[in-house]
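Asker: So that we are looking at the same thing, I have put the structure below in structure tokens.
Bear in mind these aren't lab numbers, they're just calculated from the coordinates by the rules spelled out. What you see is a predicted model, and the numbers here were worked out from it, not measured in a lab. All Cβ positions, even for glycine, are placed from backbone atoms using ideal geometry, and neighbour counts span all protein chains on display.
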Amino acid sequence: MTSTAPGLRIEPLSDQHDRESFASGVEPLDRYLRQQAGQDVRRRVASCFVLVGDGDRVPIGYYTLAATSIALAEFPEPLAKRLPRYPVVPATLMGRLAVGARHRQQGHGEFMLFDAFSRVLRNDIASYAFVVDAKDDNAAQFYQRYRFRFLVEGSRRLFIPVAEIAKLFS
């Protein structure tokens with residue numbers, strides 16, 4: 001795992017953060033942070049975490065986590081055969097991951113991904129898989145570097161079993 005620079009930390013989104021000044025260059029991700037993230041946090045439909053520097057109110061990046069489930073039929077068959085025959089399997093969704101345009105290529109995306117992994121591992125609520133919806137091929141390639149696999153061929157939904165995440169930390 002690449003470490004990020006000293007003086008940076010990840011914390012829950014709050015009113016203290018300057019969301020208006022965040023600019024990843026991907027309008028839907030920027031708009032979400034500006035307009036929707038606070039509401040989702042208050043309504044408890046998603047948690048939002050921001051990467052910030054000491055004394056800086058503008059996030060360097062952010063990600064969201066929410067509970068979800070995956071239909072057993074969506075998993076690759078060899079894996080599905082080893083799972084209980086429940087119709088759905090509990091999972092954690094990283095709905096968004098964004099790094100500000102001027103902060104790219106510094107390991108911040110990886111740092112936030114591993115922070116999200118550690119939160120899932122510390123959670124007392126069962127989650128079989130960590131799921132992402134890659135926005136494009138570059139995002140899918142980013143996740144594949146960390147052992148994510150496609151749920152359904154031809155889709156951009158990827159997953160990694162939480163047991164594999166635990167191995168990354170051992």
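Asker: With a cut-off of 8 Å between alpha carbons and a minimum separation of six or more residues, what is the relative contact order of the range 8-169 in percent?
Answerer: Taking the mean separation of contacting Cα pairs over the length of the range 8-169, I get 19 percent.
Asker: Residue farthest toward the positive end of the dipole of the chain, with Cβ of Lys/Arg at +1 and Asp/Glu at -1: which of Met94, Ala134, Phe159?
Answerer: The residue sitting farthest along the positive end of the dipole is Phe159.
Asker: In nm, to one decimal, how far is the modelled label at Asp54 from the one at Ser21, with both set 7 Å along Cα→Cβ?
Answerer: My value for the distance between the label points is 1.8 nm.
Asker: Find me the longest stretch of the chain that has none of the exposed GluC sites (Glu not before Pro), where exposed means in a DSSP loop (not H, G, I, E or B) with at most 16 other Cβ atoms within 10 Å.
Answerer: 21-152
Asker: Take Phe111, Phe142, Phe130 and order them by how many other Cβ atoms sit within 10 Å, fewest up front.
Answerer: Fewest to most other Cβ atoms nearby, the residues stand as Phe142, Phe111, Phe130.
Asker: Rank Ala80, Thr64, Ile10 by how far each Cα sits towards the positive end of the charge dipole of the chain (+1 on Lys, Arg Cβ; -1 on Asp, Glu Cβ) and give me just the farthest.
Answerer: Checked the options; the winner is Ala80.
Asker: Please arrange Ile125, Ile60 by counting, for each residue, the other beta carbons lying within 10 Å of its beta carbon, fewest first.
Answerer: Ile125, Ile60
Asker: Next question. About its Cα centre, what dipole magnitude does the range 8-169 give when the only charges are +1 on Lys and Arg Cβ and -1 on Asp and Glu Cβ, stated in debye to the nearest 20?
Answerer: For this selection, approximately 380 debye.
Asker: Evaluated at 37 °C with a viscosity of 0.692 mPa s, what Stokes-Einstein diffusion coefficient in µm²/s does the range 34-132 have when Rh comes from the Kirkwood expression over alpha-carbon pairs?
Answerer: 217 µm²/s
Asker: May I have the extent of the alpha carbons of the chain along their three principal axes, as whole Å values ordered from largest to smallest?
Answerer: Its Cα atoms span 50, 33, 32 Å along the three principal axes.
Asker: Placing unit charges on C-beta atoms (Lys and Arg positive, Asp and Glu negative, everything else neutral), compute the dipole magnitude of the range 72-165 about its Cα centre in debye, rounded to 20.
Answerer: Charge dipole of the range 72-165: 100 debye, to the nearest 20.
Asker: About the Cα centre of the range 32-117, what is the dipole size in debye to 20, counting +1 per Lys and Arg Cβ and -1 per Asp and Glu Cβ, all else neutral?
Answerer: So the dipole magnitude of the range 32-117 works out to roughly 260 debye.
Asker: Further question on the same structure: What full-extension length gain, to one decimal in nm, is calculated for Arg44 and Thr68 as 0.36 nm per residue of separation minus the Cα-Cα distance?
Answerer: Here the segment from Arg44 to Thr68 would lengthen by 7.3 nm.
Asker: Can I ask one more? Would you please state which residues of the range 110-150 a label at Gln36 would reach in this model, taking the label point 7 Å out along Cα→Cβ and a backbone N cut-off of under 16 Å?
Answerer: Correct set: 132-136.
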